[in-house]
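Just so it is clear, none of the values below were taken in a lab; they were calculated from the coordinates. Please read these numbers as outputs of a predicted model, since none were measured by experiment. Cβ sites come from the backbone with ideal geometry, for glycine too, and all protein chains shown count toward neighbours.
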Amino acid sequence: MKLLWVALAGLSVALLAGGSWAARSYRREMRTARDRLAAGGTVIDTACGPIEYAEHGRGPPVLMIHGAGGGYDQGLMLGETLLGEGYRIIAPSRFGYLNELPADRSLNAQADAFVCLLDALAIERAIVVGFSAGGPSGLTFAHRHPERTTVLILGCAVSFTDGRGQVDARRVQRINRIIGNDFVYWALSRFAWRQLGALFGVTRKLQEKLTHEELDTLRTIIEVMSPLSLRLDGIFNDQAQHMPRSYPLNEISVPTLVFHAEDDTLVPPDHARHSAGGIHGAELIMVPDGGHFLMVQHAMIRAAIRDWLSDRGLPPES
């Protein structure tokens, strides 16, 4: 990650030289981002309190559980990427993402809050999709509320939090230093986004293979996390949660599909093998490359998910 810090040092010098321009651009783009977030979500009263969510599309309902740095906006983007049209994507903002942390911010409480959201929307059961750091919430939901889970899908998802090594710890420390300041993250997302992409699990080697369109997608994924100050509580809460390897995955009874990239350096592929190996009958799709965001694999993964759902009586609505 030395390249990231070299880029950050050079960027700091450049921004200091053009400080007035940078300050105006930063304020304008943060204002635009906050306006977008304020207009895009809906807050609904539930038995668990107010919950912010957004939805898109028609068809079988999908509870889309976003990853770190997300919120309802990331959930909608993931739903469109992974499932496409023909499904009703329901994307809540998890605890601490674009909202305040509740007193009980545990994985059990988050799963129960999802049930309250489905109740408020009069949805009996849903396809549950957990992506990245949304994996523990998805696993907990399927285990705790199988009667509300039609099927479970896990994408590049965290399956356990114990046993992290020094490499993982250093990566988390680097990420926390970068995301702790809105201006620093904004500047890097504009002028050193390739280095950020590598830190977030899309290696520079993979980036060299991407088309211009795919690179634009990666850049959008990185930029849409701003302003990170509205998501920091959620990120730190995710880092504080504990999902042990010994979690009773064998008690999850719903049909499950797991997919992951072998070259994901943010959430190692062992997480996918752990989930698929522990959940009885789970199907596992491992792709050779694509990184954490499954770049170059979107069309294939989307087709595989839609076929898998159709085989289980959940085809997209025409």
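What's the angle, to the nearest 10 degrees (0 to 90), between helix 298-311's Cα axis and the longest principal axis of the chain?
The helix 298-311 is inclined about 10 degrees to the chain.
Using the charge dipole of the chain (Lys, Arg: +1 at Cβ; Asp, Glu: -1 at Cβ; taken about the Cα centre), state which of 63, 274, 297 has its Cα farthest towards the positive end.
Highest projection toward the positive end goes to 297.
Tell me, what HN-Hα J-couplings in whole Hz come from the Karplus equation 6.51 cos²θ - 1.76 cosθ + 1.60 at θ = phi - 60° for each residue of region 121-126, using x for Gly and Pro?
With coefficients 6.51, -1.76 and 1.60, one gets 8, 6, 10, 6, 9, 9 Hz.
Taking 0.36 nm per intervening residue step and subtracting the Cα-Cα distance, what contour gain separates residue 29 from residue 286 on full extension?
Numbers: separation 257, 0.36 × 257 = 92.52 nm, distance 3.75 nm.
Length difference between fully extended and current span is 88.8 nm.
Can you show me the helix-derived [θ] at 222 nm for the chain, built from DSSP H runs with n ≥ 4 at -39,500 (n - 2.57) apiece and divided by the number of residues, rounded to the nearest 500.
That calculation yields -14500 deg cm²/dmol at 222 nm.
Between residue 242 and residue 220, what length comes free when the chain is fully extended (0.36 nm per residue of separation minus the Cα-Cα distance, one decimal in nm)? Please list the in-between numbers first.
Details: separation 22, 0.36 × 22 = 7.92 nm, distance 3.01 nm.
Fully extending the segment from residue 242 to residue 220 adds 4.9 nm.
List the residues whose amide H sits under 5 Å from the amide H of residue 151, counting only those 5 or more places along or on another chain, with H placed 1.01 Å from N in the peptide plane.
Those qualifying (amide H under 5 Å, at least 5 residues apart or on another chain) are 127, 128.
Evaluate the charge dipole of the chain about its Cα centre and quote only its size in Debye, nearest 20, assuming +1 on the Cβ of each Lys and Arg and -1 on the Cβ of each Asp and Glu. Provide the component values of the computation, followed by the final result.
Working: 31 positive and 34 negative charges, 228 e Å.
My answer is approximately 1100 debye.
Output the peptides 195-203, 143-151, 175-183, 128-136 sorted from most to least packed, where packing is the average of other Cβ atoms within 10 Å over each peptide's residues.
Packing order, densest peptide first, comes out as 128-136, 195-203, 143-151, 175-183.
For residue 262, which sequence-distant residues (separation of 5 or more, or a different chain) have an amide H within less than 5 Å of its own amide H, given hydrogens modelled in the peptide plane?
Close amide H contacts, sequence-distant or interchain: 287, 289.
List the residues whose amide H sits under 5 Å from the amide H of residue 59, counting only those 5 or more places along or on another chain, with H placed 1.01 Å from N in the peptide plane.
88
Indicate, rounded to the nearest 5 percent, the antiparallel portion of the DSSP beta bridges found entirely in the chain. Present the calculation step by step, with values, prior to reporting the outcome.
Numbers: 9 of 30 bridges.
The antiparallel fraction comes to roughly 30 percent.
Go through region 68-80 residue by residue and turn each phi into a ³J(HN,Hα) via Karplus (6.51, -1.76, 1.60, θ = phi - 60°); whole Hz please, and just put x for glycine and proline.
Per residue, the Karplus-derived 3J(HN,Hα) values read 5, x, x, x, 4, 5, 5, x, 4, 5, 5, x, 5 Hz.
By how many nm would the segment from residue 177 to residue 85 lengthen if fully extended, with 0.36 nm per residue of separation less the alpha-carbon distance? Each step should come with its number before you reach the end.
Values: separation 92, 0.36 × 92 = 33.12 nm, distance 3.75 nm.
Contour length minus the Cα-Cα distance gives 29.4 nm.
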